[in-house]
Amino acid sequence: MHQRFLLWLANHAGEMGIMSPWYWRYGTAVVALVVATAVRQLLDPALGDRAPYGIYLLAVIFVAWQAGLGPGMVTVAGGTLLGRYFFDPPRGALWYVTETSEVALVMSLVVSIVTVMFCESLRIAARENRRMYELAREADARKDAFLATLAHELRNPLTPICNAIYLLKREHADDPRTMELQRMMNHHANHLTRLVNELLDISRITQRKIELRREQVDLQTIVDSAVEVVHLLIAEKRQELQITLPEKRIYLNADSVRLTQIVTNLLHNAAKYTGRDGRIWLTAEVEKELLTFRVRDTGIGIPPELCERVFDLFQQAHQGIEQAQGGLGIGLTLVRELVHLHGGTVEAHSPGPGLGSEFIVRLPIVASPGIDSEPEAADTPVADAAQGASRKILVVDDSPGVARSLELILLEWNHQVKTCSDAFAALEVARAFKPDFILADLGMPRMNGYQLAEEIRRLPGLRAIKLIAVSGYGQPADKERSHAVGFSQHLTKPVDLVELKQILTA
């Protein structure tokens, strides 16, 4: 409350004249004195020559608040002299004839000077508060820009790594050792991708930039998706996962992607902090139109005093090197913020270190467990579907590893592929090659992907080409901008190959 008041004061002090020219500020003092004198003149007959010096004190407060220390002191002196000269007997004189008059003068001066100094101290504090606020805003803006650049720079090398893992899996499916290495690389590449996404998510959530895409979602589908993400870690540590869900389907009005993220983070957290051969339980039940699901484990537990703080940003229950489990300490913060966005609550419980922990999430449901309608059957995974027609595809990326790995995958899918390392060359190749699709990076030098799209849309012979953005920049603003210039799809690196294949075969 105190800081908000100082920030308000700093804003209004600047607006009302603290940064104004000297003549404006001292003019304010003169006007205030004139008004105070006129008001006291009107009150004096009714008060029988006992009009208080408080009229001038109000003028002092007003001037000191808006104009500063100098004008405030001018008002102190001017108010004292004017009050003495016009109102105190003998009128028209500047000397005092009684001790009472002297005491009144001294008291008026002391109170006025203290008031001026108090207002000035408030102003100094407000200025400093505003300066810190502006610095914080600038730092926050720089942080957002840094995180966007960091994501782009990390996603670029991740793309050829993930693509190479996919190709290794296709080419060495009969070699057990190669497949084991492939699974290991895939697990850690996915983990790194998850960390990058969490960094961006926490930045957007703390600034309230995430909007939920609510729909009626089935709890079973959410749980299955989450388990698919974490099953490799659980299998690697030989843990036992026991899932207990209601027999009848439960539906929630939620963002399916974000709800999956909540369950995934809780399961991943449980697996990470539970040792080998440990146990994890995921249970769900309906309580008074609320879905309550619990994730419990036999892991390292949480000290009771930290149970509420584990959801704080960058907070981990065990910070010592012997307890280091990896991660950034933002997974549970994401859980809390996403649960709150869904109108739910989350809490943590633990008997203590070494005794495991339990996380309880409560979310509103939108239909009774006995709903008759069943969700539509999921489409057959694209990776297993028929290949479809061969397409002519142009890949444009200034990163040789990204371009080459995408080319190899597209050739594996029996498409005709050409690659370019910059947008200018891509325009020339597109005129001759007449591709069906162009997969273009956005952050290229000289001519970026947005400019490339605009140029292609201007050329009559190329307007029918379907443009797909493939970029490390994946913020909502980036996607809106890419759609505005003509991209029909915006894929974030590392590319989801199932989604890419679905787009190309549609």
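Just so it is clear, none of the values below were taken in a lab; they were calculated from the coordinates. Every value quoted in this text rests on a predicted model; they were computed, and no experiment measured them. Reconstructed Cβ throughout: ideal geometry from the backbone, glycine too, with neighbour counts over all protein chains shown.
Rounded to the nearest 0.05, the FRET efficiency derived from the C-beta distance between Thr244 and Glu289 at R0 = 22 Å is 0.65.
Can you figure out the FRET efficiency of Gln416 with Arg446, using R₀ = 22 Å and their beta-carbon distance, to the nearest 0.05?
Details: r = 27 Å, r/R0 = 1.21.
So the FRET efficiency works out to roughly 0.25.
Residues whose amide H falls under 5 Å from that of Gly278, counting only those 5 or more places apart or on a different chain, are Glu240, with hydrogens built in the peptide plane.
Across the stretch 382-505, C-alpha contacts under 8 Å between residues 6 or more apart give a mean separation that, scaled by the residue count, equals a relative contact order of 24 percent. Computed from the C-beta positions of Arg457 and Ile503 and an R0 of 22 Å, the FRET efficiency is 0.70 to the nearest 0.05. Counting other Cβ atoms within 10 Å as a rough exposure proxy, the listed residues Arg276, Arg130, Arg214 run Arg276, Arg214, Arg130 from fewest neighbours to most. Taking the empirical scaling 2.2 N^0.38 Å for compact globular proteins as reference, the stretch 145-206 has a Cα radius of gyration ratio of 1.37. Distances between placed amide hydrogens fall under 5 Å for Gly299 paired with Gly356, Ser357, all partners being 5 or more residues away or on another chain.
Projecting label points 7 angstrom from Cα along Cα→Cβ for Asp496 and Ala38 puts them 7.1 nm apart.
Separation of the stretch 116-170 from the stretch 411-475 is 31 Å, based on Cα centroids. Working note: Karplus 6.51/-1.76/1.60 with θ = phi - 60° gives the stretch 403-412 the couplings 4, 5, 5, 5, 4, 5, 5, 5, 5, 4 Hz, where Gly and Pro are set to x.
Model label sites at Leu341 and His191, defined 7 Å from Cα along the beta-carbon direction, differ in position by 2.6 nm.
Kirkwood hydrodynamic radius for the stretch 382-505: how many Å is it when counted over pairs of different Cα atoms? Spell out each step's value before the answer.
Working: mean 1/r = 0.0698 Å⁻¹.
The answer is 14.3 Å.
Considering only alpha-carbon pairs that sit under 8 angstrom and 6 or more positions apart, the relative contact order computed for the stretch 145-206 is 45 percent.
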